[in-house]
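Q: A single structure is presented below for examination.
Since every read-out is calculated from the coordinates, none of them should be taken as a lab result. Fair warning: this is a prediction, and the values are worked out from it, not measured in the lab. We place every Cβ from the backbone using ideal geometry, glycine too, and count neighbours over all the protein chains shown.
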């Protein structure tokens, strides 16, 4: 048999109907929805007079728009409340399971799925959110879709999709001390650019990914979209199976063993051909930071912002506009720049491991006075675990306060907005203009770097603070 | 549900020359609280178009009366970032039927196609020729013929072919919709569910 990629194996097993020279009707195993990109889809099927085809394959939770304080009170913002209420109403009407506000499983949709064991190897998973790529960490084909496609899934459990090309990104060797999964993906995006992955689905391979925890793999796959790739996946292995075992919605007992036997076949065959291959060495990767207004504009935290001369002529105007927005000059050194806000959270880095990393670093230290720090757990379960493990106490002693779960300042749809002109080191995924609030200036980094910046009050290399 | 049928669009264009324009710029997140598809056009490019007090920012092309038309001409990697279909709705709601760029982000492109907006990918050279033609004369017209898959700069006669999947072309020309197509596949989907192995 012809050697096949992991991506092809999963994709081909989900094609219900292929149109010559066109898209395929692709079956979706798991559909996640939230309050912002689903109401128009429900309105659509209702207008057509069709029922939700497989309500048991869709799961809902409000995350984008929810407040992160006083969640027990009615939502103050009338529009946000309406949207969250609409999700509840739609789920009840169509028989869809909802982890609503104040439900013990509520949280950011991409934190909730893996945590409950809904996310499993070999699945196709979609959600009206581009960071659905997160679930690729389990060896699933997972990607973000638009609301028309949400409507397709509700109506037929399928979407029409053209098959993307395949890219493999191999990173050899273990990451250095103080270098995290977030630095790894920020490094890759800085090399590939914010558009270099467009049209591709990525497989991450090599020992740098194999040695990562599931949380780390999720961080990597989460940001695949930031280089334009529709998604990214990592072949499942023992780390994956151990993570899934015993989770509420995962197969149990004999069924789990059978599933593992099946999941073990999910890997790229030797000799399988990719449309594009990139190879990097983990030894070249250091703590990273972005300085511009797309995630491709990142560099080693110890280095300087590139000079204008090093930027391609056609891209100089956009580069200059980005630096103007950030209030930076080409050639500036990053270390030592003062920071106003630190945001730890989001579907990229709002998991328990991220909170542990921050707590471990700040234990016995104090947050700098000039820093406002927001720590937002990715889900109610993460929040609960952070309390149980004593992380909350450590964080509070260092001057941090834990907020309640949601997307929060990652996209600033709720009140968690970074004020105009202020600098925020964020563990989230996008440094776009105004992403964290109109005029807000975002620098993307790992939770470890964010913790170090919170303590120092300015940009620092976390490795140096650890050593001292 | 039938959509508007798409055949030929001949119009002047509004130029947005920036690269890597993400969907947060096209429609910022704080305007995503609506539960219908209409009305997003008013906030298209909101933070480039209006200052924080809500006053129009002079110089931004959508505020410049010399630019108008049903074609949006954009820089490279247009529509990257968030999957929000609200970006395509905003473009559509603001009266655009065609978006031209030398490079589109995937999800935005799909979202446009699902809303009767035609994304036309041209070569960087042709995009430059279009920007130049507008600089020369903002009223210059472009003709987009979906049947022939061509885009023409009317003032110079320069023309270029563009790609579109035959399926999507058929959908746009006839106003068909993927959702109806999929609903009609129901028995095939049921068979798939029974026979699947993975």
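Q: Can you tell me what percent of all Cα-Cα pairs in segment A:323-459 are more than 28 Å apart? Before the final figure, lay out the partial values.
A: Working: 1084 of 9316 pairs.
The calculated P(r) of segment A:323-459 puts 12 percent of pairs beyond 28 Å.
Q: Kirkwood hydrodynamic radius for the protein assembly as shown: how many Å is it when counted over pairs of different Cα atoms?
A: Hydrodynamic radius (Kirkwood, Cα pairs) of the protein assembly as shown is 25.1 Å.
Q: Need the full-extension length gain, residue A:278 to residue A:77, defined as separation in residues times 0.36 nm minus the C-alpha distance. One decimal, nm.
A: Once the chain is fully extended between residue A:278 and residue A:77, it gains 67.7 nm.
Q: Next up: Let me see the pair-distance distribution of segment A:216-280: every alpha carbon pair, 10 Å bin width, integer percents in order.
A: 17, 39, 33, 12, 0
Q: What Kirkwood Rh does segment B:79-123 have if only Cα atoms enter the pairwise 1/r average? Answer in Å.
A: Evaluated over segment B:79-123, this radius sits at 10.3 Å.
Q: Hey, how many Å between the Cα centroid of segment B:2-28 and the Cα centroid of segment A:283-302?
A: Value for the Cα centre distance between the two parts: 31 Å.
Q: Checking a compactness column here: for segment A:1-104, what do you get for Rg(Cα) / (2.2 N^0.38 Å), N being the number of residues?
A: That ratio works out to 1.40.
Q: Taking every residue in A:130-136, how many Cβ atoms of other protein chains lie within 10 Å of its Cβ, on average?
A: Details: counts 9, 2, 1, 0, 0, 0, 0.
Counting Cβ atoms of other protein chains within 10 Å of each residue's Cβ and averaging gives 2.
Q: A further question on this structure: Give me D for segment A:186-236 in µm² s⁻¹, whole number, from Stokes-Einstein with Rh from the Kirkwood sum over alpha-carbon pairs, 10 °C and 1.306 mPa s. List each step's numbers first, then the result.
A: On the way: Rh = 10.9 Å.
Here the translational diffusion coefficient equals 146 µm²/s.
Q: For segment A:394-442, state the semi-axes of the equivalent ellipsoid (square roots of 5 times the eigenvalues of the alpha-carbon gyration tensor), sorted largest first and rounded to whole angstrom.
A: Largest first, segment A:394-442 gives 21, 12, 10 Å.
Q: On alpha carbon coordinates alone, what is the Rg over Rh value for segment A:106-153, Rh being the Kirkwood radius?
A: The Rg/Rh ratio comes out at 0.96.
Q: Turning to a different aspect of this structure: Across the residues of B:111-120, average count of Cβ atoms on other protein chains within 10 Å?
A: Shielding by partners across B:111-120 averages 2.
Q: Related question: Provide, as a two-decimal number, the C-alpha radius of gyration of segment A:54-122 over 2.2 N^0.38 Å, N being how many residues it has.
A: 1.15
Q: Also, quick follow-up: For segment A:301-366, state what percent of all Cα-Cα pairs lands in each successive 5 Å bin, counting from 0 Å until the bin that includes the largest distance.
A: Bins of 5 Å from zero give 3, 13, 16, 16, 15, 14, 13, 8, 3, 0 percent of pairs.
Q: Among bridges DSSP assigns within the protein assembly as shown, what percent are antiparallel (round to 5)?
A: Roughly 30 percent of the beta bridges in the protein assembly as shown run antiparallel, per DSSP.
Q: Share of antiparallel DSSP beta bridges in segment B:89-161, in percent to the nearest 5?
A: 65 percent
Q: Can you list the equivalent-ellipsoid semi-axes of segment B:50-105, largest first and in whole Å, using the square root of 5 times each Cα gyration tensor eigenvalue?
A: 21, 15, 12
Q: Can you give the convex hull volume per residue for the Cα atoms of segment A:214-330, as a whole number of Å³?
A: Dividing the Cα hull volume of segment A:214-330 by its residues yields 175 Å³.
Q: In whole Å, how far is the Cα centre of segment A:394-430 from that of segment A:308-322?
A: Using only Cα atoms, the two centres lie 30 Å from each other.
Q: Let me confirm one metric for peptide A:412-418, namely the mean number of other chain beta-carbon atoms within 10 Å of its residues' beta-carbons.
A: What the average comes to for A:412-418 is 2.
Q: Given the convex hull of the Cα atoms of segment A:270-340, what is a quarter of its surface area in nm²?
A: In nm², the orientation-averaged hull projection of segment A:270-340 is 7.2.
Q: Which value in nm describes the separation of the simple spin-label points at residue B:128 and residue A:56, placed 7 Å from the Cα toward the beta carbon?
A: 5.9 nm
Q: Also: Based solely on its DSSP helices, what 222 nm [θ] is calculated for the protein assembly as shown when runs of n ≥ 4 H residues each add -39,500 (n - 2.57) and the sum is averaged over all residues, nearest 500 deg cm²/dmol?
A: Taking each H run of at least 4 residues, the total per residue is -9000 deg cm²/dmol.
Q: What value does segment B:39-198 have for Rg/Rh, both radii from Cα atoms and Rh as Kirkwood defines it?
A: My calculation of the ratio gives 1.05.
Q: Could you state, as a whole-number percent, how many of the C-alpha pairs of segment B:1-110 are farther apart than 18 Å?
A: Taking all Cα-Cα pairs of segment B:1-110, the fraction more than 18 Å apart is 49 percent.
Q: How high is the FRET efficiency between residue A:316 and residue A:103 when r is their beta carbon distance and R₀ equals 51 Å, given to the nearest 0.05?
A: 0.55
Q: Can you give me the Cα centroid spacing of segment A:1-48 and segment A:156-219 in angstrom?
A: Value for the Cα centre distance between the two parts: 21 Å.
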